[in-house]
Amino acid sequence: MTIQSLAPITGLERSSRLQMRLAAAKRAFTTRNVDLALAHRLVRSGVRPKPGDLILARVTAIGQHRRIENVHGRRGTLYVGDEIVVAYGNRYAPDQFEAYVPEDLGPCHLVAGGGVAALSTCRHARVKAPTAIEVIGALAGGDGAMLNLADFARPAPRNAAARPPLVIAVVGSSMNAGKTTTVAGLVHGLGKAGFRVGAAKLTGTGSGGDLWSMRDAGAALALDFTDAGHASTFGTGPEELARVTKTLLAHLAGDQADIAIVEIADGLLQEETARLVEMGHEHGWFDGVLFAAADAMGAAFGSTWLAQRGIAPLAISGLVSASPLAAREAEGATGVGVVTLAELRDPVASARIALSRPARRAAA
C-alpha cells in the first residue's frame, strides 16, 4: 500500500481555517468594533498580554458568568467547551470581582459578561467563583503583531478639541447607585424638550447594558470607552483618560449634539473616577455634575467630596430618590435638591435641571 505524504499547510490555508473557527465562536460585546478578518494566526506562547489584546478562549468551567453578551446585545448561554472571542482587561467591581490582566497566556477567568478576560484576585462574598477559561491563542495579524482593541478605536475627529455646547456628567457614590438610570432619564427628558442629546460612558467595564439604555432613551448618538479602544478603564492613566473623554466628546459634537450626558462609572472613591471628575472640573470638560447616590449618607459624603473640589452638583438623584424619607434626609444633609426619575424624564423639569445656574454659562 502506498502512503501519500501530506502537503504542509500554507499560511493562507491556516488563516482560512482560523477565520472559520472565529466565525463559529461566540464573540463578545467588547469586540464589536473589531474586524476579525484581520486575524491571520494565533499566538500561543512567548508574549505578555496587554489590556485590550484579543484572544480566542475555551470555557472550562461555568461560574458567575453563565452568559456572554454578543456584539448585538444578546446574552447567550455558555457551555463548557464553547470557544469565545474576548479581550483582556482589568476589572474593578466591589459588587463582583477585582481582576487583572495576567502575565502570560495561561488559564484565566471571564470576569465580565461583556467579554473581559483577566485573573480574578478577589470577589464579593455573594458572588460565585468566576467562569474559567483557557486561552487557545492570542489573535495576531499577518505581521505577527497581536491585535488589540486600540487598533479598531474610532479615529479622532478632525476637530479633536470640539465638544457639545453643554456637557453634564453623572457621577455616583458607588456601583449600582442609579447612575445609568439617571443618564437614561435625563437623555429622555431633554430629548422630549426638543434638544438633540448625545450620550457617552467614559469609564467602566465593557458591557452593552449602559449603551443600549442610552439609545433606548433617545440619544441621537451613544458611545462608550470601547469605541476608544478599551475593554475596561481600570488602571488607565490620566493622559489616556483625557484622550478617551475628549475623543468621545468630540464625536458627540460632530454629531451636532446640543447637550451631552456622560456617565463616569463606579463611585468617587474609585481612583479613575476621582481623577476624571477632578480633571474634568480643572479643564472645563463638564459644565455641570449630577450626583447619583444609593442612600442619604452616600449623598452627604458625595456632596462634601465635590464641594471640597469646588463642584456644586446640579441635583442629587439615584436610588435615594425612590424614598421620600431618604430624599428628605439627603436634602437636609446637603442642601441640594433631590430629583426623582419622573422629574428627569419630564421635559420641563429636565431642562430646568440641565440649564440651572452651574451650567447656564455654557448653555448661553
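The values are calculated or read from the model by the stated rules, or taken from the named source; none is laboratory data. What you see is a predicted model; the values in this text were computed from it and never measured. We place every Cβ from the backbone using ideal geometry, glycine too, and count neighbours over all the protein chains shown. Protein only, heavy atoms only, side chains kept; ligands, DNA and RNA dropped before computing areas. Shrake-Rupley method; radii C 1.70, N 1.55, O 1.52, S 1.80 Å.
Of note:
- Shape class for the range 25-68: oblate, because the ratio a/c of the largest to smallest gyration tensor axis (alpha-carbon atoms, square roots of eigenvalues) is 1.5 or more and b/c is at least a/b.
- FRET efficiency for Glu134 and Arg154, using Cβ-Cβ distance with R0 set to 30 Å, rounded to 0.05: 0.40
- Peptides 92-98, 51-57 ranked from most to least packed by the mean count of surrounding Cβ atoms within 10 Å: 51-57, 92-98.
- Convex hull (Cα only) mean projected area of the range 238-364, reported in nm² to one decimal: 7.9 nm²
- For the chain, share of DSSP beta bridges that run antiparallel, in % to the nearest 5: 55 percent
- Each 20 Å bin from zero holds the following percent of Cα-Cα pairs in the chain: 30, 52, 16, 2, 0.
- Nonpolar atom fraction for the chain, defined as the carbon and sulfur part of the 1.4 Å probe accessible area, stands at 52 percent.
- Taking every lysine pair in the chain that is 8 or more places apart or spans two chains, those with Cα atoms closer than 29 Å amount to 14.
- Tensor-based shape of the range 117-204 (alpha-carbon gyration tensor, a/c under 1.5 rounded, otherwise prolate or oblate): oblate
- Counting only alpha carbon atoms, the long axis of helix 179-192 and the longest principal axis of the chain meet at about 70°.
- Choice from Leu221, Leu269, Leu252 showing the highest fluctuation, given a GNM over the chain with Cα pairs closer than 10 Å: Leu269
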